[in-house]
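One structure below.
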Amino acid sequence: MLQRFFIFCSGADIDILDQCSAGEKTKYAGIGATVFFTAVMAFIASGYALYTVFDNYFSAIFFGLIWGLLIFNLDRFIVSTIKKRDNFFDEFLHATPRLLLAVIIAIVIAKPLELKIFEKEINQVLLEEKNEMPLHNKDQLALQFTPAIEGFQTEITSLKKEITDKEASVNNLYETYIAEAEGRKGTELLGKGPVYQEKRDKHDAELASLQELKILNTNKITTIETQVAGLVSDYQTKVSETQPIINRFDGLMARVNALNKLPWLPSLFIFLLFLAIETSPILAKLLSPKGVYDMKLEDQENSVKNWKSQQAHQREVLLQTDMAVNNRVYGDISEEEELYNYKRKKARELMQLQEDAFYKKQKGLLG
C-alpha cells in the first residue's frame, strides 16, 4: 500500500509498473518518496515562514498546506514528464528547464528552514538592531523638534541678555552718581549737587525701565518656555508611539536581512542539501539506464502514435476513393439522354415564366 502511494507520487503509470519487475517498482517508489518528503519539507518551511507573518497557527498551517501541495504537484509533474531517450545529451537538454525550476523550488524551501535553524543567532542580531534602533529613532525625531527648540532657546537667551545688559547699564549709572556724590569722578566735588541729582534721576529712570523690561521679558520667557515644554512633550509622545513598532521588528523581511548578516557558509550548505534533495528524482531518472518500464511506456506511446497515423491515412484514402466514385457517377449520369431531355424541358418552362413576369411588369409601367 505504501509502495503504491509512493509510485503515485512519482507520477509513473501504475498499470504499466504492475507488468514490470519488483526492482522497477522499488526505483519509482524511491523517486516518489523523495517527491513526497520534499513536499513535506516545503509545508514545514512555508508554515514557519507564514507564521512569522500572520502570528497565527491556523493561518500558517492552512496556507502552508496549500504551498506544500503546490510543490508536490510541481515536483510530480517535473519527474513524470522526463522521458528516457536513446541520447543522454538530448535527455539532459529536455530536462534543463525542469532542473532550473527545481533550483528555484529548492531556494524557496531552504530559506524559511534556514530562518528556523538559525533562529537563535537571528534573534541575537535582531536584539542588537532593536537596541540601536531607539537611539536612531530618537535622533531622527529630534531633527523634527530640535530646530524649533533651539530657536526658542536662542530667543530666551536674547531676552535674558537684554535684561543683563540693562542691569549692567543701570549699575554703571548707579556707580556714576555715587562716585559724583563722593567726589571721585565727574566734578570731583563732594556732596549732592545738581550734577549728582541729574545723574541720580537718569539712574532712577533707567531703573524703572529695567523693572518694566524684567516684567515684559519674564512674561515672554514664560510663554516661550511653555512652547518649548510642549515641543518636548510632543517629542516624548512620538518616541513612545514609535517604540511598539521597534519592539515588533521581527517580521519575515527583518529575519531574512538578519540571516544575510550571518556567515554565508552554513546557509550555503543547507541550500545545497535541499538542492540535492529537490533535483535527486530528476538526476535519478537521467542517470538510470533505460528500464523495462521506460520501454513499455515508449511502446505504448508508439502504439498510440501509429494508431493515430493509421487513422489519418485511412481517412485520407477514404476521402480520395469517395471523390473518385462521385466523379465517375456524375460523369455517367451526365451522358444519359433522358436526364438531358428532362433538364431541357425544365429550362424551357423557367424561361417562359421569366418572359411572362417581365411582360406583366412592363405592362404595369406603361399603364
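The values are calculated or read from the model by the stated rules, or taken from the named source; none is laboratory data. It should be emphasised that the depicted structure is a prediction, and the values quoted were computed from it without experimental measurement. Here the Cβ is made from the backbone with ideal geometry for all residues, glycine too, and neighbour counts use every protein chain on show.
So which of E241, E225, E278 ends up being at pLDDT 80 or above and out of contact with any strand residue (DSSP E or B) (no Cβ under 6 Å at 6 or more places or on another chain)?
Sole residue among the options that is at pLDDT 80 or above and out of contact with any strand residue (DSSP E or B) (no Cβ under 6 Å at 6 or more places or on another chain): E225.
From (1) part of a helix (DSSP H, G or I); (2) surrounded by fewer than 16 Cβ atoms within 10 Å (Cβ to Cβ), pick out the condition that doesn't hold for K83.
All conditions are met except number (1).
Is it the case that A181 is modelled with pLDDT of 70 or more, of a type in the set (G, A, S) and assigned to a helix (DSSP H, G or I)?
Judged against the criteria, A181 is not a match.
Identify the single condition in (1) modelled with pLDDT under 75; (2) aliphatic (A, V, I, L, M); (3) exposed (fewer than 14 other Cβ atoms within 10 Å of the Cβ) that A49 does not satisfy, given that it satisfies every other one.
(3)
Has segment 143-152 got any residue that is at negative phi, crowded, with 18+ Cβ neighbours inside 10 Å and of a type in the set (D, E, K, R)?
No, segment 143-152 contains no residue that is at negative phi, crowded, with 18+ Cβ neighbours inside 10 Å and of a type in the set (D, E, K, R).
Can you tell me which residue among F43, F58, F54 is within 20 Å of the chain's Cα centre (by Cα), modelled with pLDDT of 80 or more and under 30 Å from I122 (Cβ atoms)?
From the options F43, F58, F54, the qualifying one is F43.
Restricting the search to segment 215-230, which residues are touching a residue at least 40 places away in the same chain (Cβ under 8 Å) and surrounded by fewer than 16 Cβ atoms within 10 Å (Cβ to Cβ)?
Looking only at segment 215-230, we keep the residues that are touching a residue at least 40 places away in the same chain (Cβ under 8 Å), and these are 217, 220-221, 224-225, 227-228.
Within segment 215-230, K220, E225, Q227 qualify.
Of these, D90, D139, which one is surrounded by fewer than 13 Cβ atoms within 10 Å (Cβ to Cβ), without any contact (Cβ under 8 Å) to a residue 60 or more places away in the chain, part of a helix (DSSP H, G or I) and not assigned by TED's automatic domain parsing to the domain that holds P266?
Sole residue among the options that is surrounded by fewer than 13 Cβ atoms within 10 Å (Cβ to Cβ), without any contact (Cβ under 8 Å) to a residue 60 or more places away in the chain, part of a helix (DSSP H, G or I) and not assigned by TED's automatic domain parsing to the domain that holds P266: D139.
Among F58, F43, which is the only one that is of a type in the set (A, V, I, L, M, F, W, C), surrounded by fewer than 12 Cβ atoms within 10 Å (Cβ to Cβ) and either over 27 Å from F271 (Cβ atoms) or in contact with a Leu (Cβ under 7 Å, 6 or more places away or on another chain) (or both)? Don't jump to the end; show me each part of the working.
Numbers: F43 fails: surrounded by fewer than 12 Cβ atoms within 10 Å (Cβ to Cβ).
After ruling out the rest, the residue left standing is F58.
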